[in-house]
Amino acid sequence: MFNIFKISLVLLLVFSIFILNEERALAEAQLTDEESIDRVVAEMSLEEKVSILVGPGMSGESLVGLTDAGVPGAAGNINGVPRFGIPAIVLADGPAGLRINSTREGTEETFYATAFPVATAIASSWNTDLAKEVGDAVGEEIKEYGVDIWLAPALNIHRNPLTGRNFEYYSEDPLISGKMAAAVVNGVEDNGVGTTIKHFVANNQETNRLSVDAIISQRALREIYLRGFEIAVKDAQPWSVMSSYNRLNGSYTSANQELLTTILRDEWGFKGFVMTDWFGGYESLKVIFEEGNSVSDVVAQMQAGNDLLMPGTPNQTQALIDAVKSGKLDEKILDKNLKNILKMVLQTPRFKEYRYSNKPKLKTNAEISRQVATEGMVLLKNKQKVLPLNSDAKIGLFGNGQIETIKGGTGSGDVNTAYTISIAKGLDENFELDQDLLARYATYVSTLRGLKEYQKPPHSFFEQKPQIPEKPLRDNEISAVVEKTDIGVIVIVRNSGEGGDRKNEKGDFLLTDEEQKMIERVSNAYHKVGKQVVVVLNIGGVIEVASWRDKVDGILLSWQPGQEAGYAIADVLSGRANPSGKLATTFPMDYGDVPSAANFPGDDPVDPSKVVYEEGIYVGYRYYDKFDIKPAYEFGYGLSYTSFEYSNLKLNSNIFKDKIRVTVDITNTGKVAGKEVVELYLNAPANKLDKPIQELKGFAKTKLLQPAETQTISFEIDARTLASFDENKSAWLAEAGKYELRVGASSRDIRRRAFFKLKKDLIVEEVNDLLEPTN
Ligand code: BGC
């Protein structure tokens, strides 16, 4: 009797679950368009809402609603809710390309992506059209590999040259950062897939990135650190923004309503959704993985307008449900955040049931990567026109980096490519390399890499492969090569990446003793017989150059130029491509000259809890100019194989009303075709506000100008361009007085000047008085 009772109870239970499921399958509202969102959200259970607002975890173990097999190696997902027709969507990393796994279990097929030059290299092209082209190419790969939203571009400011992720970022200047990011966003999103601009904001170091408190003045925030994001949001409306890990003036950015709602949405008009960085808002990864019971402040994050918690933990899910049930969090806030996400889900290829091919145009994209790489390279030195080299030049190629060429930095910004063209290969196919030396380097590098101590730490995503010591060179080995070749080329490499900052030490910011000796001995030997030497810098961030640059004749800064590295470097060395890159970040004479040297990475060199941005707005060239410190290579600097003349600078008015139009003629006065980066700086009157000597207010790149060809470049100056941020008034203020426009080939090579007047002080825009430092 009792058993029959039990059985019928079980049957009843099974039956009611069945009914419930049927009901779920038959949800009345379906996600179809923007108008349907309100109905869908109104019908959703609290648990369903939270399942979207909190990601399915690192391994995606609780992933619901993926309509296909997914994309291995993608960084994360947003859950779907199938009964409302909401698909799960796929998010994958960048910014140097699309980061997914290149191989998959159960298939021989490969899924390689193209590695483009790192962001710093792209910025050095100063070519926003090219940046858009990169975006377009990456967007095609994103779409064809079944990814919906790219977790890039990244545009934190190069506050300090030692920041481990600088290679992922564009510049020390917010205008370049913002314009480059906007161009990339537009290029990617033209494909119908999304982007995420990151890390919002002030993630300018890796040391203690999860919790360090960046203390920044309101003015520095508005003019330097927020400005690039403002430009990117206003110019390109990315689908999403990733809040950063760090604290800002006391609170986590992911829990900061002033930042994520008042500034981002109300002031700038952002229309997409905000996600955390992975585990953003947790004090340390230890509390997630080892202690397991801790949780970020989900209530504050949701209230702040951080719509999505990534990659999501079960604790966060529970905490959100509890917070609503206990009345600590108004469910309406969840609804608002959810709607922000759903609006973007509607745009995704997965929602539109796009049938991706897994066959992007890798060949075409490799060509784009190569072209962009050449345009981002900066010719730092070219004594007696040592470059370009003749195609029949016999080269002695020195340095381990010829074999271990670096396409891009490590961490989530790394791309799984089919290959990287080494400098040795690129040069070998384009010039005559000394084959004995080449073979000796190949053997040396592979032998050392075979040793246990030089292998990559097995389980660490963040740790670098240890650099192997430079191959020792015997005197007679050098002299034999010098005798057989016309020129010496020395490769210096550096790598860095997510999870760690670089160090002002030998082997990192400084050259090692072996590298110094290699430069000295190789140069002496070539110079002794009247031959020259060129250094190729295959680096992701700024290094010290002042101590060795006089010893060599040419220096080509190739940055980390992506998978076509060796070919692109050969293009520039041979003159097939005329270098037209310029520095978007300063090379100082000495690390001690760096404006943030005294307080980077914060109040403790190893374990900082706080970092005070004492230099305020004086970041990069703004500092070197103001305090009259001579850099090794200034912001905006870069040579060409040709020369350019600047003439005919004209303003359409000498009195500022609401706009001034500036035109200038650029003429190629040399013998070969080339492109010129034209930089527009402004010196503004500083009556009430202290100001930098000059600030970049516009830039343009000419087309490929043939010898004697001229192009007129134009810029527009609007009121906001004149203004500085006045903390007392919480407003952008353009001060009355005389303004000097400077058009130049670098920040210290101003070719033409013109003046105009603003008759009265102008409050260009009043904003909210927010984000005040508390200490
Ligand atoms: C990085 C982000 C990245 C995310 C997902 C984080 O560690 O800071 O830039 O998008 O991981 O991989």
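The values are calculated or read from the model by the stated rules, or taken from the named source; none is laboratory data. For clarity, every value in this text was computed on a predicted model and none was experimentally measured. Every residue, glycine as well, gets a Cβ built from its backbone with ideal geometry; the counts of neighbours run over all protein chains shown. Note: accessible area is taken over every heavy atom of the protein model, side chains too, but ligands, DNA and RNA are not part of it. Shrake-Rupley method; radii C 1.70, N 1.55, O 1.52, S 1.80 Å.
Assorted remarks:
- Highest mean packing comes first when the peptides 222-230, 651-659 are listed by Cβ atoms within 10 Å, giving 222-230, 651-659.
- Scaling the Cα radius of gyration of region 390-523 by the globular reference 2.2 N^0.38 Å produces a ratio of 1.12.
- The orientation-averaged projected area of the convex hull spanned by the Cα atoms of region 511-609 comes to 8.8 nm².
- Rounded if a/c under 1.5, otherwise prolate or oblate - region 423-487, Cα gyration tensor axes: prolate
- Ratio Rg/Rh, restricted to region 125-203 and using Cα atoms, in which Rh is the Kirkwood radius: 0.99
- Helix axis angle, 128-144 relative to the chain longest principal axis, alpha carbon, degrees: 40
- With Cα atoms, 0 to 90° folded angle of helix 435-450 axis to the chain main axis: 30
- If the chain linking Glu47 and Lys452 were pulled fully straight, counting 0.36 nm for each residue of separation and taking away their Cα-Cα distance, it would gain 140.8 nm.
- Ordered from largest to smallest accessible area (heavy atoms of protein chains, 1.4 Å probe), the residues Lys671, Lys234 come out as Lys671, Lys234.
- Taking all Cα pairs closer than 8 Å and separated by 6 or more residues, the relative contact order of region 210-334 comes to 25 percent.
- 15 Å cut-off, amide nitrogen to a point 7 angstrom out along Asp550 Cα→Cβ, residues in region 578-607: 589-590
- Each label point was placed 7 Å from the Cα along the Cα-to-Cβ direction; for Glu716 and Thr774 their separation is 4.3 nm.
- Against the chain, whose longest principal axis is taken from its Cα atoms, helix 475-484 shows a tilt of about 80°.
- All other residues whose Cβ lies under 11 angstrom from that of Glu766 are scored, Lys and Arg at +1 and Asp and Glu at -1, for a net of -3.
- If you wrap the tightest convex hull around every Cα atom of region 254-354 and split its volume per residue, you get 112 Å³.
- Fully extended contour minus Cα-Cα distance, from Lys234 to Arg219, at 0.36 nm per residue: 3.4 nm
- Solvent-accessible area of region 615-712 (1.4 angstrom probe, protein heavy atoms only): carbon and sulfur portion equals 48 percent.
- All Cα pairs of region 624-751, percent lying beyond 21 Å: 46
- Across region 471-628, C-alpha contacts under 8 Å between residues 6 or more apart give a mean separation that, scaled by the residue count, equals a relative contact order of 18 percent.
- One equal scatterer on each Cα of the chain, no solvent, Debye formula: the resulting log10 I(q)/I(0) at q = 0.08 Å⁻¹ is -0.68.
- Taking 0.36 nm per residue of separation and subtracting the Cα-Cα distance, full extension of the segment from Ile763 to Glu283 would add 168.7 nm.
- Global geometry of region 219-265, whether rounded, prolate or oblate, following the gyration tensor of its Cα atoms and the 1.5 cut on a/c: oblate
- Average Cα contact separation per residue, region 687-775, under 8 Å, 6 or more apart, as relative contact order %: 24
- Accessible surface area normalised per residue over the chain is 38 Å², counting heavy atoms of protein chains with a 1.4 Å rolling probe.
- For region 74-227, the convex hull drawn through the C-alpha positions has a volume of 147 cubic angstrom per residue.
- Proximal aspartates and glutamates relative to Lys339, as straight alpha-carbon distance under 14 Å, when same-chain residues fewer than 8 apart are discounted: Asp33, Glu34, Glu35, Asp38, Glu43, Glu48, Asp307, Glu331
- Efficiency of FRET between Ala439 and Glu109 - r from beta-carbon atoms, R0 22 angstrom, step 0.05: 0.05
- Region 331-379: GluC sites (Glu not before Pro) in DSSP coil with no more than 14 other Cβ atoms inside 10 Å: Glu353
- Start at zero, step by 5 Å, and the Cα-Cα distances of region 714-758 spread as 6, 17, 23, 21, 18, 10, 5, 1 percent across the bins.
- Using only alpha-carbon positions in region 577-646, the gyration tensor eigenvalues give semi-axes of 31, 13, 10 Å once each is multiplied by 5 and square-rooted (largest first).
- Across region 297-366, Cα-Cα pairs farther apart than 20 Å form 48% of the total.
- Sulfur and carbon atoms: percent of accessible area, region 313-472 [1.4 Å]: 51
- DSSP beta bridges fully contained in the chain are about 60 percent antiparallel.
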